[in-house]
Amino acid sequence: MSRGFCVSLRRPNSGIQVMSNVPPYNSSSGPPNAPLGPYAFNQGPPSQFAGHIKQDANSNNPTNAPAFNNQANHYNQSANSSPAFNHPIAPPTLQAMQPPRTSYKQIPNQSPIGNLQNIPLSSASPNSLYNTNNLSYPVNQTRQINDNAPPLIASSQYQPINGPPMAIRPPVSQFQPAASFPPPQPQFPPGPMTSQSNQLPNQIVGPPRSNAMVPPINPPLCGPSIASSMGLPTSNVNGPSLPGPPSFPMSRPNEPPRNQMRGPPSLPMGPMQARPQNQPMSLDPQSQQTGFIGHTNNLSGPQSLPMPGQMGQQAMPPMGPPKNSMQSRYPQMPPSNIQRPPTQGMPPQAPQGMYPPMQNQVPGLTQQMGQLSVTQQGFDQLWGHEMVDLLQCKHILPEYPEEPAEIRLGPQFSDAPNCSPEIFRSTINKIPDTNSLLQKSRLPLGILIHPFKDLNHLPVIQCTTIVRCRACRTYINPFVYFIDAKRWKCNLCYRVNDLPEEFQYDPVSKSYGDPTRRPEIKSATIEFIAPSEYMLRPPQPAVYLFLLDVSQIARDSGYLQVVCENIKENLEQLPGDARTQIGFICYDAHIHYYLISDGLTRPKEMTVLDIDEIFLPSPESLLVNLGEHREMIRELLTLIPRRHSLPGVPASALGAALQAAYKLMAPTGGRITVFQTCLPNIGPGALQSREDPNARSSKDVAHLNPATDFYKRLALDCSGAQIAVDLFLLSSQYCDLATLSGMSKFSAGTVYHIPVFNASRSWQAAQLRNMLTRYLTRKIGFEAVMRVRCTRGIAIHTFHGNFFVRSTDLLSLPNVSPDAGFGMQLTIEESLSDLQQVCFQAALLYTSSKGERRIRVHTMALPIATTLTDVLHAADQQCIVGLLSKMAVDRCVTASMSEAKEALINVAIDVLSAHKLSQNLPAGPASSSLHAPLPLRLLPMYLLALLKTKALRTGTSTRLDERVAAMCDLKCHPLAQLIRLVYPDLYPIHSLAQHVHKEDEELVPDPPRLQLTSERINLNGAYLLDDGEIMIVYICNSVSPAFLSETFGVTAFSQLPDEATTLPRLENEGSAMLHSFIDKLNDDRPYPSNVLVLRDNSPSRTRFTERLVEDRLESAFSYYEFLQHVKSQVK
């Protein structure tokens, strides 16, 4: 035998946390409106300064800068992504670009609240309001499940009943002099309640409604009634607008010239109708609600204000062309009392001195007077320019998931098929035409792609010639321009190309026909069977090698039995063909090989004692053909758990085992699957524990970077040999996942983590079985590469995901999985003003498990935006969160967690500041509202939830390996899974029978989603929280006995166990409906989620309550506090 090798047939004897700086309630000091935390607008330490080019850590260039650069930024640089991440040096502030704020008098009935508009109180105390030290939400006597959360509130407190018309507010010209009004009240953090008057006692049950601080001058002729002239909320109905005579909008930014409207064809054309006598234009901001609860809409600029002296007279709508949008957003001079030339169709502006003094007046009236009429809101709704006051819209989450916004292209491609948003998605659905416009929007520009997603109806084409552009190599797609039947123009580089005769031939009619009939033109996602010129070598076979940890900790966990049985059960379902190969290697302090060959009747174990210089004893017998040796492989999978059931050595030579696996698979490529349970502590790649258990809740998280580059270098070698490494970490102690994950990150592998695993826990064993079954049987692509091409003028500068960057834009993916997602940040390098649309095309070249070389092509087209308002209202908030989560993970590694968290907060501040700029709204302390574009209304809530995920939270005890595993999930999950992980779905399951619909002649439960706050938890309810990995069924102590009997087969709450991991199936309608609902939720995920049943007094209840991300934690904001902090920072 060779040196160090023996035959063994015997059995052995054997971040600075940002939120932590927030002062507690009622302990704020300093001047009013002082920021809640030490965040200067768009500022950061020098380590945040962005540079010229960003490169993911996966780059093959060792000298490249990290994903978030540390070089000084230059303002002429392309700044496409979120300024909070890439441009921490503050440019000229938005405040400096706005005109000076103009203040008007306070309304007598206006509440002196500084931070929010009036919210009606509980009917239990109809005569109380809040002062400036109060919480934003009224107190309810109902018991709460989280004492740190705002009080529970009955929904009846938010919809007052419509009453008789109230007194009409006098015209502005009748107000008393400003000196008779008190100065504006300062803003303070929420505090104890006090009592004030002006509250209607009669209210009805319904969803919350927002309200107006200032009532309209006169009620409109049609629409919802005005509840009160004292700032009470108005009734709102989601649905079609009420009938009434037509009205017309005030002059607004971006409005097309008269008779040249670009809106929907249903808009009326022709001369405008005059308003009836004594019917001034409605200036009420919220008495006319449209569609979304709490929606308000503001007109930018002072041109929407009627002139003094005209307030009590008949007001005429503007007749002339609207003001230029640039004038409304960026005035050439500050607004003042200087008389300007009269606008056509509008009364002349008042001369200087006609307005009363402006000093010491409530600035809220400026905002309210600038808000739009109901007609303007209607036009905004048609044009998609709605906005919402986040401080007034408490229950802002839609009850049912909303479809991504429809992408509307120009007339030429209005009917062209676009790529599914489940595959290809952009953070902005209208690309800014210049980089300057992108910077003003403060939005990150990027795309998310799920390239190998499982698809049911995928067109597959086999042809001798694949039509591509000769210049940029773009594949022909639905958005190319056909000059004639023989030529086409590329939609990315605009080169004219010839069409081959094959493309013009119609095999059905056997004649030459219209090229647009081809599947390449009819589908934005298509797959080609590649000819031989797309192969550098013959397609590789499917090769699977399993590395099994058999150290003492591994034997104690019992995972070997579960894994070996699962592999044995799924041998027939492994993707592959007649060439499929498989092998097994075990390791502890030594390396154990298992030989299978034709000359053997049983598998033979061979042990290598020398782990410093690894060699292979008999490579041809270590990887064997699955079909030819199926029975011997089954026998081996039965013997391995028995062979390693006795006590072993507490050592793990993972590095040596990986070196052996690389040598074994380098000639062919394939997939290495590693099962690890402890810290590798011997041989190459040995590690030492770096975690301090006492620092798990520290504000500064250390050791997120690898301790050694051994595993990264090994992964790069594997990537070059077309080998991917997947890691199953089944740890019961610290394993330094920050270092071990490098083997998967740079080889396009995946990390799976089950903390504190023990097979004796049935639910953990079930989770591993479900996870492994999906892993073994899912589709797989070998030796893949992916390239994303963009329209000329747009470029990709940073990639996010698990891969290796082989060249500037080519991603090396030794294996590609249907469960892997990727993100790319984009930059605008040239002006796009001459274009009608931009296109992105992702091409994935891979070898299927059957040995076919295939190319999957996805193409997406997006229109161009020329105004800031259009860009902000074309944002995709979920895609933005998906991209930001990947950027934040990379920022944690390259900089620090505190910088990453501060950058996320700055994203919300920057975007809302840009919106204020686009609408000329009062900023910061000058406004009691926090307005957001309707498409971005959930962005602050998602960002707060992201800050509270296990990956980014601080101040809460979190194991380092669990944190790193959560970071890996954020970086690699497709968008749908990522959003569910960040902001889980919460459903009421005690009323499933009330929310059903018919589907295939069956009743399917479909309950609405609830926001993640304790206010939505009733003591007589039961709830299901789904984060994609686990479903927590939370039972409150006052739930009905009928529900307990139907669902659990018990008659009293006390009979439930504190914690259960199974949900019984009973023969009744309630149990069947609940299981049907759970099965429906499991249909759209890779493998079924585990179920955990908790009582509301269980010791483990924090597993549920910590996911209520809108509640206040000891070290983190509540949602309302987060909004207040953002509002104080908005410029």
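The values are calculated or read from the model by the stated rules, or taken from the named source; none is laboratory data. Predicted model, so just to flag it, every value in this text is computed and none were measured. Please note: Cβ atoms are built from the backbone with ideal geometry, for glycine as well, and neighbour counts cover all protein chains shown. Calculation scope for accessible area: heavy atoms of the full protein, side chains included, ligands and nucleic acids excluded. Shrake-Rupley method; radii C 1.70, N 1.55, O 1.52, S 1.80 Å.
Per residue of the stretch 584-593, in order, report the coupling 6.51 cos²θ - 1.76 cosθ + 1.60 (Karplus, θ = phi - 60°) as ³J(HN,Hα) in whole Hz, putting x for Gly and Pro.
For the stretch 584-593, the Karplus-derived couplings read 9, 9, 10, 8, 9, 7, 10, 10, 10, 9 Hz, x marking Gly and Pro.
Amide H of residue 387: which non-local residues (sequence gap of 5 or more, or other chain) have their own amide H closer than 5 Å, using H built in the peptide plane?
Here 296, 934 satisfy the definition.
Would you mind checking 745/850; 522/745; 489/779; 948/1127; 901/1131; 950/1080 for any pair whose Cα atoms are more than 31 angstrom apart? Could the numbers behind the result be given before it?
Working: 745/850 26 Å; 522/745 36 Å; 489/779 35 Å; 948/1127 20 Å; 901/1131 20 Å; 950/1080 27 Å.
Table pairs above 31 Å Cα-Cα are 522/745; 489/779.
When all C-alpha to C-alpha distances in the stretch 678-743 are sorted into bins of 10 Å, what percent of pairs does each bin hold, rounded to whole numbers?
19, 48, 26, 6, 0
Sequence-distant or interchain residues sharing an amide H contact under 5 Å with residue 750, placed H: which?
726, 727
Using a Cα-Cα cut-off of under 16 Å, which aspartates and glutamates could be cross-linked to residue 604, ignoring same-chain neighbours fewer than 8 residues away?
620, 631, 635
Can you give me the accessible area per residue for the stretch 852-984, using a 1.4 Å probe, in Å²?
Numbers: 2000 Å² over 133 residues.
On a per-residue basis, the stretch 852-984 sits at 15 Å².
Can you give the convex hull volume of the alpha carbon atoms of the stretch 984-1108 per residue, in Å³?
On the way: hull volume 12.8 nm³, N = 125.
In the stretch 984-1108, the Cα convex hull volume per residue is 102 Å³.
Go through the stretch 994-1064 and name the GluC sites (Glu not before Pro) that are in a DSSP coil and have 11 or fewer other Cβ atoms within 10 Å of their Cβ.
Values: sites: 999, 1001, 1002, 1015, 1029, 1046, 1059; in loops: 1001, 1029.
Answer in residue order: 1001.
How about the stretch 818-904: which chymotrypsin sites (Phe, Trp or Tyr not before Pro) there lie in a loop by DSSP and see at most 16 other Cβ atoms within 10 Å? Don't jump to the answer; show the numbers that get you there.
Details: sites: 822, 840, 846; in loops: none.
Here no chymotrypsin sites (Phe, Trp or Tyr not before Pro) fit, given the DSSP loop and packing criteria.
Can you list residues whose amide H is under 5 Å from residue 512's amide H, if they're 5+ apart or on another chain and H is modeled 1.01 Å from N?
For residue 512, whose amide H was placed from the backbone, the distant partners under 5 Å are 506.
Under 12 Å Cα-Cα from residue 886, which aspartates and glutamates qualify once same-chain neighbours fewer than 8 residues away are excluded?
Of all the aspartates and glutamates, those that pass the test against residue 886 - Cα under 12 Å, at least 8 places apart if same chain - are 56, 969.
Can you work out the Karplus-derived ³J(HN,Hα) for every residue in the stretch 746-753? Use 6.51 cos²θ - 1.76 cosθ + 1.60 with θ = phi - 60°, whole Hz, and x for glycine or proline.
8, 10, 6, x, 9, 10, 10, 9
With θ set to phi - 60° and the Karplus curve 6.51 cos²θ - 1.76 cosθ + 1.60, what are the ³J(HN,Hα) couplings of the stretch 1121-1129 in order, to the nearest whole Hz, using x for Gly and Pro?
Each residue's phi maps through the Karplus curve to give 5, 5, 4, 5, 5, 4, 4, 5, 9 Hz.
Find, to one decimal place in angstroms, the Kirkwood hydrodynamic radius of the stretch 458-521, where the mean of 1/r is taken over every pair of different Cα atoms and then inverted.
Values: mean 1/r = 0.0827 Å⁻¹.
Computed over Cα pairs of the stretch 458-521, the Kirkwood hydrodynamic radius comes out at 12.1 Å.
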